[in-house]
1. Search the structure for amide H atoms under 5 Å from the amide H of Ser57, placed 1.01 Å from N in the peptide plane, and list their residues when 5 or more places away or on another chain.
2. Taking all pairs of different Cα atoms in the stretch 43-115, averaging 1/r and flipping that mean, what Kirkwood radius in angstroms comes out?
3. If amide hydrogens are placed 1.01 Å from N in the peptide plane, which non-local residues have theirs closer than 5 Å to the one on Thr149?
4. Among Gly75, Asn115, Phe135, flag the residue with its Cα farthest along the positive direction of the charge dipole of the stretch 46-183, charges on Cβ as +1 for Lys/Arg and -1 for Asp/Glu.
5. Under a point-charge model restricted to the Cβ atoms of Lys and Arg (+1) and Asp and Glu (-1), what is the dipole moment magnitude of the stretch 46-183 relative to its Cα centre, in debye to the nearest 20?
6. Rounded to the nearest 0.05, what FRET efficiency is calculated for Tyr152 and Val99 with R0 set to 30 Å and r the Cβ-Cβ distance?
7. Can you give the local net charge around Asp95? Use residues other than it whose beta-carbon is closer than 15 angstrom to its beta-carbon, Lys and Arg +1, Asp and Glu -1.
8. Distance in nm between label sites at Gln47 and Asn185, each 7 Å beyond Cα in the beta-carbon direction?
Amino acid sequence: MSVQVAGLSGCAKEYSYEGGPVQDTTNDSIPSDTIPKQVITFPVCSQCKYWDNTLPSTWSFNYDTSLLCGNMTNGIIAPDRSGFTFFGPSACSPDTGIVITAYLSSALLTSDRSNITTNQVIFEYYDNVTLTDIFATGKLGTFSLTIDTYEYSTGMAKGRFSGYVPTKTGDTVLIKNGKFQVKFN
């Protein structure tokens, strides 16, 4: 009686590859499209938890699971009334804050207005400690701002904003549910 062993397999890794360009099998790596994005985390801010955006001179927005909020320091309309900038620090960290500049297609802020939307917006959430922006638009057209109401006699504007912005880590993230109320000087 004879027993014949046709083949024994070992524990050696198989590096067989037929066809296509030669691949580097000496360095295992994770493909770049599977590398997770770095989520920027913010401490929970008890002041933002109960933030009231119906108060004048306030702003807020959501990023990931964080709600960020603050008060306006100033709001400035361009002399030709075709754009504006507003800014102010975070309620939870005076070293961080928001700056938004919006360009309108024409001098739309010459009377009471409503439902003015533009995607010509520069959005920044700054960090004065590291002197780098945490979030900042790299180009116009990726971020949107809507003035829901503007009262010419008082200079008060209420609105919302959202869009995609690059982060200081190089990822692109969604800023959503942005709200603002600003009194322009």
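1. Gln181, Val182, Lys183
2. After inverting the mean inverse Cα-Cα distance, the result is 13.7 Å.
3. Here Asn115, Lys158 satisfy the definition.
4. Farthest towards the positive pole: Asn115.
5. Dipole about the Cα centre, nearest 20: 220 debye.
6. It comes to 0.80.
7. Net local charge, Asp95 excluded: -2.
8. My value for the distance between the label points is 2.1 nm.
Coordinate-derived values only; no laboratory data. Just so you know, these numbers come straight off a predicted model, no measurement behind them. Glycine also receives a Cβ, built like all others from the backbone with ideal geometry; neighbour counts cover every protein chain displayed.
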